[in-house]
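Participant: Okay, handing you the structure first.
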Amino acid sequence: MAEWNDPRTTGVSTAATVGVPRAARDVGLRSYMLSVYNYMASGVLLTGIVALGFANSSLINLIVNPATGQATPLFWIALFAPLAIVFALSFGINRISAGTAQALFWAYAALVGVQFSSLFLVYTGTSIAQAFFATAAAFLGLSLYGYTTKRDLSAMGTFFLMGVVGLFIAILINLFLRSPGLDLAISAIGVLLFAGLTAYDTQKIKSIYLTVAGNGEAMAKTAVIGALNLYLDFINMFLFLLRFMGNRR
């Protein structure tokens with residue numbers, strides 16, 4: 001993913017926009033960001049539709065064995081296959097077409113929906129709805145901040161990434177400790193980390209536009225990658241918020 005690094009920290013030239021009127025750049029940026037948000041929102045919608053479709057039908061039995069309550073092989077496929085897709089998009093984006101990148105993104109969103117159908121067996125529908133709308137409101141505000149702020153957030157990127165690594169190490173540790181207090185702290189920190197990443201990633205996507213403006217194929221690919229980043233921020237913030245405030249069945 002070397003060619004899609006953050007231009008704020010790599011020193012990538014923005015010569016592509018030299019001589020381009022400011023108004024034209026602004027129009028192009030708005031169009032680019034709109035395509036990113038459209039991909040991201042469509043991915044979230046697809047995830048929700050798939051999750052509801054499985055949860056409210058006999059398809060849920062393909063995910064959780066009704067006799068034992070244990071996860072089925074399909075659940076584990078839906079859990080780990082998206083990781084392969086993320087790696088394919090992140091490290092193979094230069095070798096695939098924009099259409100393939102889009103198809104992989106939709107496949108990722110659908111597989112996450114299969115995973116999320118099991119949430120309806122753990123949490124009440126009201127809790128899931130509350131967490132979703134709270135996440136949506138927070139995401140809109142944080143992404144708007146990342147888009148409009150004049151403050152350079154690039155220095156925070158390393159901090160957030162280290163925080164995410166530490167967070168998932170803590171999750172693994174708590175699988176053995178089973179500490180309710182640590183679980184609560186993990187959920188609260190997770191919400192804050194992905195809230196910060198939402199603003200950071202939005203500003204990064206905005207900056208990347210300057211390096212790809214005028215290159216249709218590159219713009220299409222980076223729009224998908226940008227949407228995937230924001231999608232991951234959204235669903236992770238939703239999951240941690242649900243863990244923090246959700247009522248279990």
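Participant: Please go through region 78-98 and pick out each residue that is in a helix (DSSP H, G or I), within 17 Å of residue 217 (Cα to Cα) and among the aliphatic types (A, V, I, L, M). Show your work before the answer.
Facilitator: Of all residues in region 78-98, those in a helix (DSSP H, G or I) come to 78-92, 98.
With within 17 Å of residue 217 (Cα to Cα) added as a condition, the list becomes 89-92, 98.
Those that are in a helix (DSSP H, G or I), within 17 Å of residue 217 (Cα to Cα) and among the aliphatic types (A, V, I, L, M): 89, 98.
Participant: So, in region 148-163, of the ones that are buried (at least 16 other Cβ atoms within 10 Å of the Cβ) and within 17 Å of the chain's Cα centre (by Cα), which residue ends up farthest from residue 201 (Cα to Cα)?
Facilitator: Looking at residues that are buried (at least 16 other Cβ atoms within 10 Å of the Cβ) and within 17 Å of the chain's Cα centre (by Cα), I get 163.
Participant: How many of the residues in region 195-225 are touching a Phe, Trp or Tyr at 6+ places or on another chain (Cβ under 8 Å), of a type in the set (Gly, Ala, Ser) and in a helix (DSSP H, G or I)?
Facilitator: 3
Participant: Does region 233-244 include one or more residues that are part of a helix (DSSP H, G or I) and farther than 26 Å from residue 115 by Cβ? Show your work before the answer.
Facilitator: Of region 233-244, the ones part of a helix (DSSP H, G or I) are 233-244.
Subsequent filtering for residues that are farther than 26 Å from residue 115 by Cβ retains none.
No, that holds for no residue.
Participant: So which residues in region 177-186 are assigned to a helix (DSSP H, G or I), surrounded by fewer than 18 Cβ atoms within 10 Å (Cβ to Cβ) and not acidic (Asp, Glu), if there are any at all? Working first, answer last.
Facilitator: At the first step, the residues of region 177-186 found to be assigned to a helix (DSSP H, G or I) are 177, 180-186.
Then keep just the ones that are surrounded by fewer than 18 Cβ atoms within 10 Å (Cβ to Cβ); that gives 177, 180-185.
Scanning region 177-186 gives 177, 180, 181, 182, 184, 185.
Participant: With the requirement that a residue be over 17 Å from residue 36 (Cβ atoms) and of a type in the set (Ser, Thr, Tyr), what does region 99-122 give you?
Facilitator: Result: 100, 117, 118.
Participant: Please specify each residue of region 27-74 satisfying the condition of being in a helix (DSSP H, G or I) and touching a strand residue (DSSP E or B) at 6+ places or on another chain (Cβ under 7 Å). Steps first, please.
Facilitator: Step one: filter region 27-74 for residues in a helix (DSSP H, G or I), giving 27-55, 58-62, 73-74.
Listed by number, the list is empty, since nothing qualifies.
Participant: Does residue 190 qualify as being buried (at least 19 other Cβ atoms within 10 Å of the Cβ) and either under 30 Å from residue 95 (Cα atoms) or within 14 Å of the chain's Cα centre (by Cα) (or both)?
Facilitator: yes
Participant: Out of the residues in region 112-129 that are within 21 Å of the chain's Cα centre (by Cα) and in a loop (DSSP other than H, G, I, E, B), which is nearest to residue 46 (Cα to Cα)?
Facilitator: Quick first cut of region 112-129, residues within 21 Å of the chain's Cα centre (by Cα) only: 112-120, 127-129.
With in a loop (DSSP other than H, G, I, E, B) added as a condition, the list becomes 117-118.
Numbers: 117: 12, 118: 16 Å.
This residue is 117.
Participant: Is it true that residue 135 is part of a helix (DSSP H, G or I), more than 16 Å from the chain's Cα centre (by Cα) and β-branched (Val, Ile, Thr)?
Facilitator: Spelling it out, it is not the case that residue 135 is part of a helix (DSSP H, G or I), more than 16 Å from the chain's Cα centre (by Cα) and β-branched (Val, Ile, Thr).
Participant: Condition test on residue 104, is it out of contact with any strand residue (DSSP E or B) (no Cβ under 9 Å at 6 or more places or on another chain), of a type outside the set (Phe, Trp, Tyr) and in contact (Cβ under 8 Å) with a residue 12 or more places away in the chain? Quick ask: steps written out before the conclusion?
Facilitator: Working: out of contact with any strand residue (DSSP E or B) (no Cβ under 9 Å at 6 or more places or on another chain): yes; of a type outside the set (Phe, Trp, Tyr): yes; in contact (Cβ under 8 Å) with a residue 12 or more places away in the chain: yes.
Yes.
Participant: Only residues that are closer than 16 Å to residue 116 by Cβ and either hydroxyl-bearing (Ser, Thr, Tyr) or touching a Cys at 6+ places or on another chain (Cβ under 8 Å) (or both): list them for region 61-76, please.
Facilitator: 72
FYI, it's all coordinate maths here, none of it is from the lab. Fair warning: this is a prediction, and the values are worked out from it, not measured in the lab. All Cβ positions, glycine included, derive from the backbone under ideal geometry; neighbour counts span all protein chains shown.
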